[in-house]
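Down below is the structure, laid out as structure tokens.
Every number here is computed from the coordinates shown, using simple stated rules; none is lab data. Owing to the predicted nature of the structure, the values given are computational and were not obtained by experimental measurement. All Cβ positions, even for glycine, are placed from backbone atoms using ideal geometry, and neighbour counts span all protein chains on display.
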Amino acid sequence: MHSNWRLRMAAAQREIWTGAQLRRLLKEKAGFEISSASVSALLTKQPSVIKLQTLAALCTALECGPADLIEVDTTPLPQAPVTKSPTTQPPAGSPGRRRSMPPV
């Protein structure tokens, strides 16, 4: 699965062009405070992880849904064929296959 972070596009569609504008909007509409460095990172890099609280604040501030911010490619990846490992049994005559004789 592959995802594409679309925050910059979503912000631009709402005429939010700078980190300062987005930061102000997050505070005004969502009551969410975030550092300038964090906003800058969200605008310029694809995050490997995002807190649900941050995602919800972005959606509230930009009046959008998560799908507007994260595009997910759900195309299945090709899978390697599954191979069964052969069942291993002790060779004939080994201790694992001996039978005891009843006492005489």
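Amide H contacts of Arg14 (H built 1.01 Å from N, in plane; Pro and chain starts excluded): no residue 5 or more places away or on another chain comes under 5 Å. The alpha-carbon positions of region 2-73 define a convex hull whose volume is 78 Å³ per residue. Taken about its Cα centre, region 2-73 carries a charge dipole of roughly 240 debye when the Cβ of each Lys and Arg holds +1 and the Cβ of each Asp and Glu holds -1. Once backbone amide H atoms are built at 1.01 Å from N, Ile70 has Arg6 as its partners under 5 Å, excluding neighbours fewer than 5 places away on the same chain. Phi angles of region 68-82 translate, via the Karplus equation with coefficients 6.51, -1.76, 1.60 and θ = phi - 60°, into HN-Hα couplings of 6, 9, 10, 9, 10, 8, 9, 4, x, 7, x, 9, 5, x, 7 Hz per residue; Gly and Pro are given as x. The loop-placed trypsin sites (Lys or Arg not before Pro) in region 18-77, going by DSSP, that have at most 10 neighbouring Cβ atoms within 10 Å of their Cβ come out as Lys45, Lys51. Label zone of Lys51 (point 7 Å out along Cα→Cβ, amide N under 18 Å): in region 2-40 this covers 23-40. In this simple spin-label approximation, Lys27 and Thr44 carry label points 7 Å from Cα along the Cα→Cβ vector, and these lie 2.1 nm apart.
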